[in-house]
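Report on the structure given below.
The values are calculated or read from the model by the stated rules, or taken from the named source; none is laboratory data. Remember, predicted model here, so these are calculated numbers, not experimental data. Note that each Cβ is placed from the backbone with ideal geometry, even for glycine, and that neighbours are counted across all protein chains shown. Calculation scope for accessible area: heavy atoms of the full protein, side chains included, ligands and nucleic acids excluded. Shrake-Rupley method; radii C 1.70, N 1.55, O 1.52, S 1.80 Å.
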Amino acid sequence: MPQNYKLTIAYHGAAYRGWQRQPDQVSVQETIERALTKLWGGTERIIIHSAGRTDTGVHALGQVAHFTAPAKFKKHGILRNALNANLPDDIRIVQAVSVTSGFHSRFSATGKTYHYRLFCREVHDPMELGRSWQMRRTPDMEKMQQAARHFCGKHNFASFASNPGYERETTVRTIHEIKFVKKGPLITLKFHGDGFLYRMVRNLTGAIVRAGDGRLTPEEIKRILSARNRSSAPPPAPAHGLYLVKVFY
């Protein structure tokens, strides 16, 4: 009988055209699907469904995906190890478990946590290349926090949602918390909410950083949010500083 499997996945997104499978492009989804299809004999393509479609260059520590296939690999650790043996080093299956048929990685999710990393130092660190947004100066943390407070709670985030290329039911989301953690030159912005729109975290980060360096006031942030128009908001933060950390169920 078919079995539903849940994968928790970590990947470095630099080499991939995002999560979603695309013609003539290397994606995380297709790379994992090829490994799965090989493990199940290669006669029928195995399709996986993710909790969210990370963009080109975005990383993950806790992406979640599910797939249905004939029951195999009675021990979950064997499936995890077999998949990792057939995947490139920049994609790792952290956990592989069987779940009920009703589980869906996207529709069963109740919340997500994203982190965005800022590395603030006059001389850039080559070890942070492709892993953080590197800045020459440290933004004002208090101003950043003032801006972030406008985003917490339930709001219409149309001004901070890029066009995903498909119709959305709503642009209303709830952000439970935006937390800032500073360690040396590294500032990590931690976003926790019930869900996020396409490029929403990058768009919010772009605005928060501009508030921190004085290019936006907290009052302007509030006005942009109320406008519900993407053209009224500043550009997004670069993709390579963003990490999908955890999906909640």
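Residues of region 100-135 that are assigned to a loop (DSSP other than H, G, I, E, B), surrounded by 12 or more Cβ atoms within 10 Å (Cβ to Cβ) and either among the polar types (S, T, N, Q) or under 18 Å from the mean Cα position of the chain (by Cα) (or both): 104, 105, 106, 108, 109, 130, 131, 132. Do you know which residues across region 1-33 are surrounded by fewer than 22 Cβ atoms within 10 Å (Cβ to Cβ), β-branched (Val, Ile, Thr) and under 20 Å from residue 245 (Cβ atoms)? Matches in region 1-33: 8 only.
Of all residues in region 148-158, those that are more than 19 Å from the chain's Cα centre (by Cα) and either surrounded by 18 or more Cβ atoms within 10 Å (Cβ to Cβ) or modelled with pLDDT under 95 (or both) total 2.
Residues of region 9-29 that are over 20 Å from residue 45 (Cα atoms) and either modelled with pLDDT under 95 or more than 12 Å from the chain's Cα centre (by Cα) (or both): 14, 15, 16, 17. Pairs meeting the criteria (first residue in region 135-151 and among the hydroxyl-bearing types (Ser, Thr, Tyr), second residue outside any helix (DSSP H, G or I) and surrounded by 17 or more Cβ atoms within 10 Å (Cβ to Cβ), beta carbons under 8 Å, at least 6 apart or on different chains) are 138/120; 138/185; 138/187. Counting the residues of region 63-108 that are within 20 Å of residue 42 (Cα to Cα) and not hydrophobic (A, V, I, L, M, F, W, C) gives 10. A residue that is touching a His at 6+ places or on another chain (Cβ under 7 Å), over 30 Å from residue 174 (Cβ atoms) and open to solvent by less than 10 Å² (accessible area, probe 1.4 Å) can be found somewhere in region 76-98. With respect to the conditions (1) part of a strand (DSSP E or B); (2) open to solvent by less than 80 Å² (accessible area, probe 1.4 Å); (3) in contact (Cβ under 8 Å) with a residue 60 or more places away in the chain; (4) of a type in the set (A, V, I, L, M), residue 61 falls short on a single one, namely (2). Taking residues in region 197-221 that are within 10 Å of residue 143 (Cβ to Cβ), and partners anywhere that are of a type in the set (Asp, Glu), the pairs with Cβ atoms closer than 7 Å and at least 6 places apart or on different chains are 212/140.
Can you tell me which residues in region 226-249 are surrounded by 21 or more Cβ atoms within 10 Å (Cβ to Cβ) and over 19 Å from residue 14 (Cα atoms)?
Listed by number, the residues that qualify are 233, 247.
Take residue 205 and decide whether it is β-branched (Val, Ile, Thr) and surrounded by fewer than 18 Cβ atoms within 10 Å (Cβ to Cβ). No. Scanning region 21-54 for residues that are assigned to a loop (DSSP other than H, G, I, E, B) and in contact with a strand residue (DSSP E or B) (Cβ under 8 Å, 6 or more places away or on another chain) yields a count of 7.
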